[in-house]
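Comments concern the structure below.
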Amino acid sequence: MALKLNAVKCHPDNYHYSALPPIASFRSPKFCMASTLSSGSKEITVKKPFGPPHEVHVQVTHSMPPQKIEIFKSMEDWAENNILVHLKPVEKSWQPQDFLPDPASDGFDDQVKELRERAKELPDDYFVVLIGDMITEEALPTYQTMLNTLDGVRDETGASPTPWAIWTRAWTAEENRHGDLLNKYLYLCGRVDMRQIEKTIQYLIGSGMDPRTENNPYLGFIYTSFQERATFISHGNTARLAREHGDLKLAQICGTIAADEKRHETAYTKITEKLFEIDPDGTVLAFADMMRKKISMPAHLMYDGRDDNLFEHFSAVAQRLGVYTAKDYADILEHLVNRWKVASITGLSSEGQKAQDYVCGLPPRIRRLEERAQGRAKQASKIPFSWIYDREVLL
């Protein structure tokens, strides 16, 4: 049997999405590597499970001028005093077990039964967004890897004592509880296909992510500022919906995770605020660059072995339920523009002024695009999700 490697064009939605839900997405054709097995006259094309995406954009690396690494070295004392304070000591932190049935308790079976009874009241579309959020959290190794690509702030040894490295490791440790907690809840609830969910997690971690941050901490910290607020909003809305469906324990779980995301957002926005103070021109140019490329969600390479458009479908359900929407994207951008006082920055270069005008004028433009897309929206359809035993959910 001969093995040939061919570049096969995959579904255009297969690999990269903006953070905007599908109604306001801008997508380009993507390619993936596939193996063609030939035996005699018969050929079978099989997509490689973890092949890197071959996208139309060029992956730029190390775009920050090397001399600017000194800026981040000079910020280390500031980071120790202003960023590490947003971490919680382990002994004072919540743990997943605080919210779950106690396996050592004589009442464990009754506690699980109560959890499952509450879960019966939750609709399938809610589980789709909760599972999608959980899978996003479970791909944490990818996010730590991304942070450790950033020049000037990476953990060079795996146990570096710099404030940047300490933050990345401790942030990862705090975030690690989120996926653990949601995963265990979903395992106990009995409503979902855990094997399909676990496959999706494995695919996602193996595929990685491409936020287009270019090893550049300016871009990286703008991305994390945006993304932490997005997850704060998403988990907050799953908490709200759980409460509306009568599951107060699940609402507490999602709300607790949202509070973590809010605290992490505060840290990352403070870093970028400091960069605006030190290097306003370079920071506003990076802000505009990141927004022109659009903020891609961390799980944009989501795949379950079946649905090449899984992330788009998950996003459509989240949009419909109001968990994370195109409006949220515009609101986050507007919040960051106001938080960093971008409109009032003075002394910028001509290019910096253009970038300033662009980001300050972008939120209303996004909202107009959303309104037009809503007006052109096609009739809703139902599709099966493997995560819930192929039950169909309205998009």
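Given the options 328, 260, 106, which has the most mean-square fluctuation in a GNM of the chain, springs set between C-alpha atoms less than 10 angstrom apart?
The residue that fluctuates most here is 106.
Translational diffusion coefficient, Stokes-Einstein: compute it for the chain using the Kirkwood radius over C-alpha pairs as Rh, at 4 °C and 1.567 mPa s, and state it as an integer in µm² s⁻¹.
After rounding, the answer is 58 µm²/s.
On the full set of protein chains, 1.4 Å probe, figure out the accessible area of residue 315 and give it in Å² to the nearest 10.
20 Å²
Quick one: which of 270/341; 113/262; 73/293; 274/354; 88/113; 68/293 span more than 24 angstrom between C-alpha atoms?
113/262; 73/293; 88/113
With θ set to phi - 60°, apply the Karplus curve 6.51 cos²θ - 1.76 cosθ + 1.60 along the stretch 363-375 and write out the HN-Hα couplings as whole Hz, x wherever there is a Gly or Pro.
x, x, 5, 4, 5, 5, 4, 4, 4, 5, 5, 4, x
How large, in Å, is the stretch 114-256 by the Kirkwood hydrodynamic radius built from its alpha-carbon pairs?
This gives a value of 16.4 Å.
Based on the Cβ-Cβ distance from residue 373 to residue 279, what FRET efficiency comes out when R0 is 56 Å, to the nearest 0.05?
0.95
Give a residue-ordered list of calculated ³J(HN,Hα) values for the stretch 225-233 (Karplus: 6.51 cos²θ - 1.76 cosθ + 1.60, θ = phi - 60°; whole Hz; x for Gly, Pro).
4, 5, 5, 5, 5, 4, 6, 4, 5
Karplus couplings for the stretch 211-217 from phi (6.51 cos²θ - 1.76 cosθ + 1.60, θ = phi - 60°), rounded to Hz, Gly and Pro as x?
x, 6, 8, 6, 6, 9, x
Express the Stokes-Einstein translational diffusion coefficient of the stretch 287-395 in µm² s⁻¹, to the nearest whole number, given a Kirkwood radius over alpha-carbon pairs, 10 °C and a viscosity of 1.306 mPa s.
97 µm²/s
When all protein chains stay in place, what accessible area (Å², nearest 10, 1.4 Å probe) is found for residue 191?
Ignoring ligands and nucleic acids, residue 191 comes out at about 50 Å².
Would you list 340, 78 from the most to the least accessible area, probe 1.4 Å?
78, 340
Before anything else, pin down the relative contact order of the chain: Cα pairs under 8 Å, at least 6 apart, normalised by residue count, whole percent. Before the final figure, lay out each step's value.
Working: 564 pairs, mean separation 86.4, N = 395.
The value is 22 percent.
Quick one: which residues, 5 or more positions from residue 393 or on another chain, have an amide H under 5 Å from its amide H? H modelled 1.01 Å from N in the peptide plane, none for Pro or chain starts.
383, 385
Rounded to whole Å and ordered largest first, report the semi-axes of the equivalent ellipsoid of the stretch 226-340 derived from its Cα gyration tensor (root of 5λ).
28, 19, 11
From the helices alone, meaning DSSP H stretches of at least four residues, give me the mean residue ellipticity at 222 nm for the chain, per-run term -39500 (n - 2.57), in deg cm²/dmol to the nearest 500.
Only helices count here, giving -18000 deg cm²/dmol.
Could you tell me the center-to-center distance, by alpha carbons, between the stretch 113-178 and the stretch 277-327 in angstrom?
So the two Cα centres are separated by 16 Å.
The values are calculated or read from the model by the stated rules, or taken from the named source; none is laboratory data. Remember, predicted model here, so these are calculated numbers, not experimental data. Counting neighbours? That spans all protein chains shown, and the Cβs are built from the backbone with ideal geometry, glycine included. Ligands, DNA and RNA are excluded from the accessible area calculation, which covers all protein heavy atoms including side chains. Shrake-Rupley method; radii C 1.70, N 1.55, O 1.52, S 1.80 Å.
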